[in-house]
Amino acid sequence: MFRPADRERIRSELLALAQADTRLSGGALTGSAAAGTEDLWSDIDLAFGVSNPAEIPQVLSSWTSRMYQQYEALHHVDVHAGAWIYRVFLLASTLQVDLAFAPAEEFGARTPTFRLVFGHAAERPHVTPPTAESLIGYAWLYALHARSSIARERLWQAEYMVSGMRDYVLALACLRLGLPTKEGRGMDRLPRELTEPLEEALVRRIDAAELSRALGAVSERLIVEMRAVDGRLSDRLEPAVRELMEVQ
């Protein structure tokens with residue numbers, strides 16, 4: 001397990017190396033370090049602008065080699081978001097290091113957790129949260145597939161769908177209360193009276209009766225959240241959602 005002191009040392013070294021890299025137009029702290037909410041388990045999140053977009057593959061390659069040779073990276077995975085590439089490394093110490101690269105004209109604050117350390121950043125609109133309507137849409141879509149999976153006796157697929165539906169209902173509650181919706185980041189800040197009923201939506205064993213019970217529980221909570229955020233849409237959807245609770 002890495003120590004916070006190790007994390008701070010590696011982050012400082014990476015920022016110094018980035019500032020000396022003439023291909024980079026700017027560098028920023030992102031994530032919990034930028035927000036002042038770091039704890040024992042926080043990872044390293046850094047973002048960099050690349051002056052010449054054509055050099056991004058070369059920049060990625062050289063920085064990847066550095067992470068493996070100097071910092072004992074074991075593996076990495078890429079996450080793409082528009083022109084941004086997030087290369088996420090797992091170090092031998094289990095420290096996660098996220099290095100994001102974007103063309104200079106795209107490099108800027110897309111969320112409040114962005115703090116410029118050197119160079120310059122472009123003015124960029126913040127990423128908007130999902131709409132309540134889209135979260136509701138994904139929830140009923142997962143409910144449809146949960147029902148058909150149970151009926152077809154595809155029970156592990158059904159569990160996947162019920163769990164996914166529950167996550168969308170929780171995200172809908174987060175959106176309503178102004179909490180982060182992405183990757184479960186706001187769920188633990190929801191009041192107990194909202195999360196406790198959803199414990200009934202946890203699948204306790206893989207059989208059709210249990211999956212049907214959990215689907216019913218999460219469907220009831222979807223109806224509650226729909227009523228809270230969009231009464232007119234809820235009036236249209238509630239009869240269909242209740243029908244989905246009845247697995248044939």
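Across the range 153-174, a minimum of one residue is classified as without any contact (Cβ under 8 Å) to a residue 12 or more places away in the chain, hydroxyl-bearing (S, T, Y) and under 21 Å from G216 (Cβ atoms).
For every residue, the table says whether it meets (1) out of contact with any helix residue (DSSP H, G or I) (no Cβ under 8 Å at 6 or more places or on another chain); (2) not in a strand (DSSP E or B).
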| site | (1), (2) |
| --- | --- |
| E38 | no, yes |
| D45 | no, no |
| L60 | yes, yes |
| M67 | yes, yes |
| L90 | yes, no |
| F101 | no, no |
| F118 | no, no |
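One residue stands out among those in the range 120-154 that are of a type in the set (S, T, Y) and in a loop (DSSP other than H, G, I, E, B): the one that is modelled with the lowest pLDDT, which is T128. For the range 108-150, name all the residues that are in contact (Cβ under 8 Å) with a residue 60 or more places away in the chain, closer than 21 Å to L179 by Cβ and touching a Ser or Thr at 6+ places or on another chain (Cβ under 8 Å). Answer for the range 108-150, where residues must be in contact (Cβ under 8 Å) with a residue 60 or more places away in the chain, closer than 21 Å to L179 by Cβ and touching a Ser or Thr at 6+ places or on another chain (Cβ under 8 Å): T111, T113, F114. Of all residues in the range 192-248, those satisfying the criterion of being surrounded by 17 or more Cβ atoms within 10 Å (Cβ to Cβ) and outside any helix (DSSP H, G or I) are V203, D230, M245, V247. Only residues that are free of Cβ contacts under 8 Å to residues at least 60 places away in the same chain and either among the hydroxyl-bearing types (S, T, Y) or crowded, with 17+ Cβ neighbours inside 10 Å (or both) were counted in the range 1-20, giving 2. Residues that are free of Cβ contacts under 8 Å to residues at least 12 places away in the same chain and closer than 19 Å to V224 by Cα within the range 175-187 comprise G178, L179, listed in sequence order.
Scan the range 27-52 for residues that are surrounded by 12 or more Cβ atoms within 10 Å (Cβ to Cβ) and at positive phi and the total you get is 1. Here the range 144-191 is the region considered, the condition is being surrounded by fewer than 16 Cβ atoms within 10 Å (Cβ to Cβ) and among the acidic types (D, E), and the residue that is farthest from H126 (Cα to Cα) is E153.
Is one or more of the residues making up the range 78-88 surrounded by fewer than 17 Cβ atoms within 10 Å (Cβ to Cβ) and basic (K, R)? So far as the range 78-88 goes, no, none of its residues is surrounded by fewer than 17 Cβ atoms within 10 Å (Cβ to Cβ) and basic (K, R).
Within the range 1-36, the set of residues being in contact with a helix residue (DSSP H, G or I) (Cβ under 9 Å, 6 or more places away or on another chain) and at pLDDT below 95 comprises F2, A33.
State yes or no: is L215 within 25 Å of the chain's Cα centre (by Cα), over 16 Å from H145 (Cα atoms), aliphatic (A, V, I, L, M) and at pLDDT 95 or above? So that I can check it myself, show each step before the final result.
Working: within 25 Å of the chain's Cα centre (by Cα): yes; over 16 Å from H145 (Cα atoms): no; aliphatic (A, V, I, L, M): yes; at pLDDT 95 or above: yes.
For L215, the condition - within 25 Å of the chain's Cα centre (by Cα), over 16 Å from H145 (Cα atoms), aliphatic (A, V, I, L, M) and at pLDDT 95 or above - is not met.
Being more than 16 Å from the chain's Cα centre (by Cα), of a type in the set (D, E), surrounded by 15 or more Cβ atoms within 10 Å (Cβ to Cβ) and not assigned by TED's automatic domain parsing to the domain that holds R213 holds for only one residue in E72, E106, and it is E106.
The values are calculated or read from the model by the stated rules, or taken from the named source; none is laboratory data. Just so we're clear, the structure is a prediction, and the values are computed from it rather than from any experiment. Here the Cβ is made from the backbone with ideal geometry for all residues, glycine too, and neighbour counts use every protein chain on show.
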